[in-house]
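None of the figures in this text is laboratory data; all of them are computed from the coordinates on show. In this text, all values refer to a predicted model and were calculated from it rather than measured experimentally. Cβ placement follows ideal geometry from the backbone for every residue including glycine, while neighbour counts extend to all protein chains displayed.
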Amino acid sequence: MSKPENIKTNIMLADSNPLVLTAMSEIFERDARFSLVATSSTAEGFLGMAMRITVDIGVIDWNLPALGGAKLIEVLREQDTAPRIVVYGDMSKDLPRITMSAGAAAFASRSDDVDGLLRTCADVAQGKMVFPFLDVRQLQKDPIQQLSRRERAILEALSKGLTNRELSLELGISINTVKFHLSNLYEKLSVRNRTQAIAYFYSNKHPSKDSEFENPR
């Protein structure tokens, strides 16, 4: 859901380089669209603050110590009010695709100008996904590509006929978190309920390559 234009977007920044972190902080503090609520030099610090304060968007370094960007996004997605993540990193051939698969909302290259990062964050605040050099529409033709590792695990477990409580026990997450993931899963698959999700799973079942998602913790 997009954010009303007259309400500032709460931003948290995380980068291991203190100079980059200071420079980005000054950039966001000068922009009236954003409210900088916190900064961190580690993934653990980002995670701890994101669980205590309201954050709409997190801008993170993909190689953030010590968890790294991929693991940080995975852990954040277990939270009911997780911020949308913009990965700010060095451009490589596959990194935008990798960050999208990990569950980021956008990728911004460090080689682009500052306005590009600000535009990306503004677009994400309005509910958009931003990945340079990727045709998101093509990727979205296969809804499975939109699912996080946790959502894939839930879809597979759901296909076994498990209840929300049983899903909670099997995956080691709360029932509220199960409901949160199910809601996102239904939206991404364009289905209305668990019956339709199960039908989708069996009609579009991917090979056992998804077995790596069976225990995503």
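Total residues in the range 15-41 satisfying the condition of being hydrophobic (A, V, I, L, M, F, W, C), assigned to a strand (DSSP E or B) and either exposed (fewer than 15 other Cβ atoms within 10 Å of the Cβ) or in contact with a helix residue (DSSP H, G or I) (Cβ under 6 Å, 6 or more places away or on another chain) (or both): the figure is 3. Being farther than 26 Å from residue 178 by Cα and in contact with a strand residue (DSSP E or B) (Cβ under 9 Å, 6 or more places away or on another chain) is a property that residue 118 has. Total residues in the range 145-188 satisfying the condition of being touching a residue at least 24 places away in the same chain (Cβ under 8 Å) and within 20 Å of residue 82 (Cβ to Cβ): the figure is 23.
Checked against (1) of a type in the set (Asp, Glu); (2) surrounded by fewer than 14 Cβ atoms within 10 Å (Cβ to Cβ); (3) in contact (Cβ under 8 Å) with a residue 40 or more places away in the chain, residue 74 meets all criteria but (2).
What is the number of the single condition among (1) in contact with a strand residue (DSSP E or B) (Cβ under 8 Å, 6 or more places away or on another chain); (2) farther than 23 Å from residue 126 by Cα; (3) assigned to a helix (DSSP H, G or I) that residue 75 does not meet? Evaluating residue 75 over (1) in contact with a strand residue (DSSP E or B) (Cβ under 8 Å, 6 or more places away or on another chain); (2) farther than 23 Å from residue 126 by Cα; (3) assigned to a helix (DSSP H, G or I) leaves (1) as the failure.
Would you please name the residue that is nearest to the chain's Cα centre (by Cα), looking only at residues in the range 56-69 that are surrounded by fewer than 18 Cβ atoms within 10 Å (Cβ to Cβ) and either among the hydrophobic types (A, V, I, L, M, F, W, C) or closer than 11 Å to residue 108 by Cα (or both)? Explain how you work it out, then say what you get.
The initial filter retains those residues of the range 56-69 that are surrounded by fewer than 18 Cβ atoms within 10 Å (Cβ to Cβ), namely 63, 65-68.
Next, only the ones that are either among the hydrophobic types (A, V, I, L, M, F, W, C) or closer than 11 Å to residue 108 by Cα (or both) stay: 66-67.
Numbers: 66: 18, 67: 15 Å.
This residue is 67.
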